[in-house]
Amino acid sequence: MRMESNLQKAAEFLKQADKIEILSHQYPDGDTIGSAAALCRALRKMGKQAQIYCNDPFPGKFQYMMEGLTPQSFESQAVVAVDIADTQLLGPRMMQYATRVDWCIDHHGSNTHYAQNWVVDPTAAATTEIIARLIVEMGVEIDREIAACIYTGITTDTGCFRYTNATPATYRIAADMMEKGVDAAYINRVMFDTKSRARLELERRVLDTMAFYFQGQCAVIYVTKRMMKESGASDDDMDGLASLPRQVEGVKVGITMREKEDGSFKISLRSNNGINASEICSKFGGGGHPAAAGCVLHGSVEEARQSIVQAVSLVLGEIQ
Ligand code: 5GP
Ligand code: MN
């Protein structure tokens, strides 16, 4: 199978390489951080120099994965991107890497194959699932620290094992990581049962923006820069916000619009009932997974909302 042979090739490449830069996507989540940290730890265990780069700082709740990974400075000889489907997801400060990625390790079916080489497995619930296989292929023992990174990617990308992407293989890898000593209950509490006061203040405001379309089948919320400021929320407080609209009974498509620095809107789309989120977002140059995808829209809140709701209406077969 092409994917497996690519995994072996990626392992061979990394065994030969040194001075490796690992890239995570902008607005980093548990999977891109877990993938980067696990790979960085494995490469350093092999005696190599490796360093992680990202457009944005890693939120505090993910910092345990970076513990002990002291910064290294070197002239890069190889670049690996993890969990990054498209160069635009590198973020504006990382654009110089767009044409320099040697290997991309990813699980998005919408991956644009921008790298020289890639391992893309859309059946993997998280990129860390693939990273776990890659590390084994490189002949490195997965220790407790690496296992915690891999487990984190899996639990965050499956919403704590609730989404359709969690397969028997996903549970098996997670179980293997627990056997390596991962404190799964602790990680899940931090990821899913802990909120800052600022986040709660933000949710209060965000819920006020919720609008319903097509007899309640589509729900849209938005977050402006002003709402962030008023509630005292930072990027650290944004994780999982996009799951709010889909939680409402009867909603098949939940949309979250987040105003970016430049005034454009980052759209997060979540779907139920087999509606293809990635397909909807691809109309606007975005992509993602069948049930979770994103894109960027320009214009005012109303204009951006109108565009995305219009695209949803076509899929739901509704007249707007
Ligand atoms: P989120 O809504 O959590 O930012 O992203 C959901 C999924 O869609 C993630 O797997 C993410 O990589 C993907 N995604 C989000 N925004 C974009 C985008 O603008 N372009 C592409 N290709 N994928 C995106
Ligand atoms: Mn992922």
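The values are calculated or read from the model by the stated rules, or taken from the named source; none is laboratory data. Small disclaimer: the values here were computed from a predicted structure and weren't measured. Reconstructed Cβ throughout: ideal geometry from the backbone, glycine too, with neighbour counts over all protein chains shown. Each accessible area value is taken on the protein alone, full model and side chains, heavy atoms only, with ligands, DNA and RNA left out. Shrake-Rupley method; radii C 1.70, N 1.55, O 1.52, S 1.80 Å.
Structure values in brief
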| quantity | calculated |
| --- | --- |
| Matching residues, segment 242-289, being touching a His at 6+ places or on another chain (Cβ under 7 Å) and more than 16 Å from ligand 2 (Cβ to nearest atom) | Ser264 |
| Yes/no for Leu202 being in contact with a Ser or Thr (Cβ under 9 Å, 6 or more places away or on another chain), open to solvent by less than 20 Å² (accessible area, probe 1.4 Å), at pLDDT 95 or above and away from ligand 1 (no atom under 16 Å from the Cβ) | yes |
| Enumeration of residues in segment 121-147 that are touching a Gly at 6+ places or on another chain (Cβ under 9 Å), open to solvent by 20 Å² or more (accessible area, probe 1.4 Å) and either closer than 13 Å to Gln8 by Cα or of a type in the set (D, E, K, R) (or both) | Asp143, Arg144, Glu145 |
| Single residue of Ile221, Ile275 found to be part of a loop (DSSP other than H, G, I, E, B) and either crowded, with 18+ Cβ neighbours inside 10 Å or without any contact (Cβ under 8 Å) to a residue 12 or more places away in the chain (or both) | Ile275 |
| Cβ-Cβ under 6 Å pairs, at least 6 apart or on other chains, segment 41-69 side closer than 17 Å to His25 by Cβ, far side open to solvent by 50 Å² or more (accessible area, probe 1.4 Å) and part of a helix (DSSP H, G or I) | Asn55/Arg93; Pro59/Asp236 |
| Single residue of Ala37, Ala42 found to be within 16 Å of ligand 2 (Cβ to nearest atom) and either surrounded by fewer than 23 Cβ atoms within 10 Å (Cβ to Cβ) or at pLDDT 95 or above (or both) | Ala37 |
| Given (1) under 19 Å from the mean Cα position of the chain (by Cα); (2) outside any helix (DSSP H, G or I); (3) of a type outside the set (A, V, I, L, M), number of the condition Arg246 does not satisfy | (2) |
| Positions within segment 76-102 being of a type outside the set (Asp, Glu) and within 14 Å of ligand 1 (Cβ to nearest atom), in sequence order | Ala81, Val82, Ile84, Ala85, Thr87, Gln88, Leu89, Leu90, Gly91, Pro92, Ala98 |
| Residues that are away from ligand 2 (no atom under 16 Å from the Cβ) and on the phi < 0 side of the Ramachandran plot, drawn from segment 14-34 | Leu14, Lys15, Gln16, Ala17, Asp18, Ile20, Glu21 |
| Filtered residue count, segment 293-307, keeping only those that are within 12 Å of ligand 1 (Cβ to nearest atom) and surrounded by fewer than 23 Cβ atoms within 10 Å (Cβ to Cβ) | 2 |
| In segment 278-320, residue nearest to Gly240 (Cα to Cα) [restricted to those that are without any contact (Cβ under 8 Å) to a residue 40 or more places away in the chain and among the acidic types (Asp, Glu)] | Glu279 |
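Residue by residue, here is whether (1) more than 20 Å from the chain's Cα centre (by Cα); (2) away from ligand 1 (no atom under 12 Å from the Cβ) holds:
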site	(1), (2)
Ala211	yes, yes
Cys218	yes, yes
Val223	no, yes
Ser231	yes, yes
Lys252	yes, yes
Ile255	no, no
Glu259	no, yes
Ile267	no, no
Gly274	yes, yes
